[in-house]
Amino acid sequence: MRFCIDLHNHSCLSPCGSDVMLPSILAMEASDKGIDILALTDHNCARNLGPFAEACEIIGITGVFGIEVNTVEEIHVLALFETLSQALEFGKWVESILPKIKNSPRLFGKQYVCDVAGNYIEEVDIFLYGQANVSFDNLIELIIGQGGLAIPAHIDRPSNSVTANLGFLPRLPYSAVESIIVPPIVETYDYTVIQGSDAHYMEHIGRRRCYIEAQTGNFAGLKEAFLKNNISFMN
Amino acid sequence: MISIEQLFSHLGYKKFSEGDLQKTITTGYTSDLLSDVMGNADEGSVLITIQAHKNTIAVASLVGMPAIILCNGRTPTEDMIGAAKEEGIAILATSESQFTASYKVAKLLALV
């Protein structure tokens, strides 16, 4: 069966994410756009995944629980997990290795944790866009070791991408690589390529969704499709 | 210590944002990792980098850096210029490398 996926999205928790990008709004909009499998991937933090899980459950789409980790090389990597508890555990670890820099909401934006109804319940003090003290190679290994999906983000972007920051794509066991443009304009060898919306604002939701061919519309289905490179794109 | 105006006139690099001409430069910091800049650069330094995007302005503003020199022919994005004007940060751009620009700034500041 064919399922529509979008595995790169931010909420009001990411400093650069719009304050109205509530996890529940993201899930609703994505569902309206026909997305079957949706991930929330805030920068270095898992604290909005709880309400996201609740919203996906209510709306009836498959939630994938992620974090967009910023490595010591300032490379962005999507770490995706099947269960909320795995992702929360991983998120705690990522926060523990962030530099202890206080966020400046004026310069970077606010970092809101909210509930499923959209009430702001906490503002995260530590700057979430900082670089976590883990190398790109080690991070990929860690995510895969925990049964997650490790996906270098926007590998064709001139900043915060593996291609821009290292100059090449090391041969590591990525689950897939995410490219803004398909077919990619950078070397991807035989890795599975996916697209993701990297939505920071409402109007971004679903802008780069793609499709998998798999037996089930869940995490196992994602793994299966990535392994077999059963991906198709919007255009 | 030099003024922003001296920085413009002595280096002859292309000007993309005027900055706050009242401000002075005391030293320089050369880095392409913004997290490193955030953690280690001193207030009052000119940032020498190839990171020609808006986040660089936020970091420079946080640290209190009055000017940025973009090297290797990189030019600032429109939103970077907009943010620089808002924050009163000067942007200069050159085809020279970070090494050459750093040397020139250090010389101008009589640090070498």
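If the condition is being at negative phi and more than 10 Å from chain B (Cβ to nearest Cβ), then the stretch A:104-118 contributes A:Pro105, A:Lys110, A:Gln111, A:Tyr112, A:Val113, A:Cys114, A:Asp115, A:Val116, A:Ala117. A:Ser14 satisfies every condition listed in (1) crowded, with 22+ Cβ neighbours inside 10 Å; (2) assigned to a loop (DSSP other than H, G, I, E, B); (3) over 13 Å from the mean Cα position of the chain (by Cα) except (3). Taking the stretch A:46-55 as the range and being out of contact with any Pro (no Cβ under 6 Å at 6 or more places or on another chain) and surrounded by 24 or more Cβ atoms within 10 Å (Cβ to Cβ) as the test, the residues that pass are A:Ala46, A:Leu49. Looking only at the stretch B:73-112, which residues are among the β-branched types (Val, Ile, Thr) and either over 18 Å from A:Ser159 (Cα atoms) or within 13 Å of chain A (Cβ to nearest Cβ) (or both)? Listed by number, the residues that qualify are B:Thr75, B:Thr77, B:Ile89, B:Ile91, B:Thr94, B:Thr100, B:Val105, B:Val112. Within the stretch B:81-112, being in a helix (DSSP H, G or I), touching a residue at least 60 places away in the same chain (Cβ under 8 Å) and more than 16 Å from B:Thr30 (Cβ to Cβ) holds for B:Ile81, B:Ala84, B:Lys85. Quickly run through the stretch B:1-41 and pick out the residues that are within 17 Å of B:Met80 (Cβ to Cβ) and out of contact with any helix residue (DSSP H, G or I) (no Cβ under 9 Å at 6 or more places or on another chain). Selection gives B:Lys14 alone.
Selection of first residues in the stretch A:86-114 that are farther than 12 Å from A:Tyr129 by Cβ and of second residues that are buried (at least 17 other Cβ atoms within 10 Å of the Cβ) and of a type in the set (Gly, Ala, Ser), restricted to Cβ pairs under 6 Å at least 6 apart or on distinct chains, gives the following pairs, ordered by first then second residue: A:Ala87/A:Ala46; A:Leu88/A:Ala46; A:Gly91/A:Ala46; A:Val94/A:Ala132; A:Ile97/A:Ala132.
Residues in the stretch B:57-72 that are in contact with a strand residue (DSSP E or B) (Cβ under 8 Å, 6 or more places away or on another chain), within 12 Å of chain A (Cβ to nearest Cβ) and either within 18 Å of B:Thr94 (Cα to Cα) or of a type in the set (S, T, N, Q) (or both): B:Ile57 alone. For the stretch B:5-30, a residue qualifies if it is on the phi > 0 side of the Ramachandran plot and either within 11 Å of chain A (Cβ to nearest Cβ) or surrounded by fewer than 18 Cβ atoms within 10 Å (Cβ to Cβ) (or both), and exactly one does: B:Gly12.
Results for (1) modelled with pLDDT of 95 or more; (2) part of a helix (DSSP H, G or I); (3) of a type in the set (Ser, Thr, Tyr), shown as yes or no for each residue.
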residue	(1), (2), (3)
A:Ala164	no, yes, no
A:Phe168	no, no, no
A:Pro183	yes, no, no
A:Thr188	yes, no, yes
A:Ile212	yes, no, no
A:Ala220	yes, yes, no
A:Phe226	yes, yes, no
A:Asn235	no, no, no
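In the condition set (1) within 14 Å of the chain's Cα centre (by Cα); (2) surrounded by fewer than 24 Cβ atoms within 10 Å (Cβ to Cβ), A:Cys4 is compliant with all but (1). Would you pick out the residues in the stretch A:153-168 that are away from chain B (no Cβ under 14 Å) and within 19 Å of the chain's Cα centre (by Cα)? Listed by number, the residues that qualify are A:Ala153, A:Ile155, A:Asp156, A:Val162, A:Thr163. If you check A:Ile75 against the conditions, is it more than 24 Å from A:Ile212 (Cα to Cα) and not aromatic (Phe, Trp, Tyr)? For A:Ile75, the condition - more than 24 Å from A:Ile212 (Cα to Cα) and not aromatic (Phe, Trp, Tyr) - is met.
Counting only residues that are part of a loop (DSSP other than H, G, I, E, B) and either within 14 Å of another protein chain (Cβ to nearest Cβ) or at pLDDT below 95 (or both), the stretch A:119-152 holds 9 of them. Taking the stretch B:34-57, which residues are part of a helix (DSSP H, G or I), in contact (Cβ under 8 Å) with a residue 24 or more places away in the chain and either aromatic (Phe, Trp, Tyr) or surrounded by fewer than 22 Cβ atoms within 10 Å (Cβ to Cβ) (or both)? Scanning the stretch B:34-57 gives B:Met38, B:Lys54.
The values are calculated or read from the model by the stated rules, or taken from the named source; none is laboratory data. Fair warning: this is a prediction, and the values are worked out from it, not measured in the lab. All Cβ positions, even for glycine, are placed from backbone atoms using ideal geometry, and neighbour counts span all protein chains on display.
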